[in-house]
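Visitor: Got a structure for you, written out below as structure tokens; questions coming shortly.
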Amino acid sequence: MKCPDGCGETLTVNLDHRSGKAWRLRRHAAQGLSLYPSIWRHDGCRSHFIIWRNAILWCDGDDEGYPSWSDQSLAAAILRELGESPDRFHEAEELGERVDASPWEVVWACRRLRIEGKVDVARHTWFRIRADRDE
């Protein structure tokens, strides 16, 4: 793909897990393509972005460009999954597969759940249910 920054560079994104570390591509008929994790160029234009539902979301240090995720059914599904093994952290990609959502949607929903005091966060994309949370 061409870098969306406009620098003209061609970016190679490995989708084949058999050849080592790879991105996950999620295709959804109604919502388009999402790619996980983000693409972060450490040289050249140094762009950092997310592909979510056929859109580019820039990672520039603040959350203003990201969706304000408030899908209550997704939040409830995540809480049910986290409640199955409350003593361990679960990675967003794993949770996404279990609740049929992209890892980005899980991250955004869990950020909201953290603000509400319902989940704990470790390493930005790892979540567990809070033992002392309000029901």
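Visitor: Using mean Cβ contacts within 10 Å as the protection proxy, how do 99-108, 13-22 order, highest first? Walk me through the numbers on the way to the answer.
Guide: Numbers: 99-108: 22.4, 13-22: 9.0.
The packing order, highest mean first, is 99-108, 13-22.
Visitor: Relative contact order for the chain: what is it in percent, counting Cα pairs under 8 Å that are at least 6 residues apart?
Guide: On the way: 182 pairs, mean separation 19.7, N = 135.
Across the chain, relative contact order equals 15 percent.
Visitor: Sorted by packing (mean other beta-carbon atoms within 10 Å per residue), highest first, where do 52-58, 27-33, 2-8 land?
Guide: 52-58, 2-8, 27-33
Visitor: Right, something else. Expressed as a whole percentage, what fraction of the accessible surface of the chain belongs to carbon and sulfur atoms when a 1.4 Å probe is rolled over the protein heavy atoms?
Guide: 47
Visitor: Within region 8-26, list the residues whose amide N lies under 14 Å from a label point set 7 Å along Cα→Cβ of CYS45.
Guide: 8-12
Visitor: Tell me, what HN-Hα J-couplings in whole Hz come from the Karplus equation 6.51 cos²θ - 1.76 cosθ + 1.60 at θ = phi - 60° for each residue of region 99-107, using x for Gly and Pro?
Guide: 10, 6, 9, 6, x, 5, 5, 5, 4
Visitor: Could I have the simple spin-label model distance between LEU15 and ARG98, label points 7 Å from Cα toward Cβ, reported in nm to one decimal?
Guide: Output for this residue pair reads 2.7 nm.
Visitor: Ok, one more. Within 10 Å, count the other beta carbons around each residue, average over each peptide in 73-83, 122-132, and list them highest first.
Guide: Descending mean neighbour count gives 73-83, 122-132.
Visitor: Could I ask something else about it? Cysteines of the chain lacking any other cysteine beta carbon under 4.7 Å?
Guide: CYS3, CYS59, CYS110 - these cysteines have no disulfide-compatible partner (Cβ-Cβ under 4.7 Å) in the chain.
Visitor: List the residues, sorted by chain then number, that are 5 or more residues from ARG130 or on another chain and whose placed amide H is less than 5 Å from its amide H.
Guide: Under 5 Å from the amide H of ARG130 lie the amide H atoms of VAL119, ASP120, each far enough along the sequence or on another chain.
The values are calculated or read from the model by the stated rules, or taken from the named source; none is laboratory data. What you are looking at is a predicted structure, and each value in this text was computed from that prediction instead of being measured. FYI the Cβ positions are ideal-geometry reconstructions off the backbone, even for glycines, and counts take in every protein chain you see. Only protein heavy atoms, including side chains, enter the accessible area calculation; ligands, DNA and RNA are left aside. Shrake-Rupley method; radii C 1.70, N 1.55, O 1.52, S 1.80 Å.
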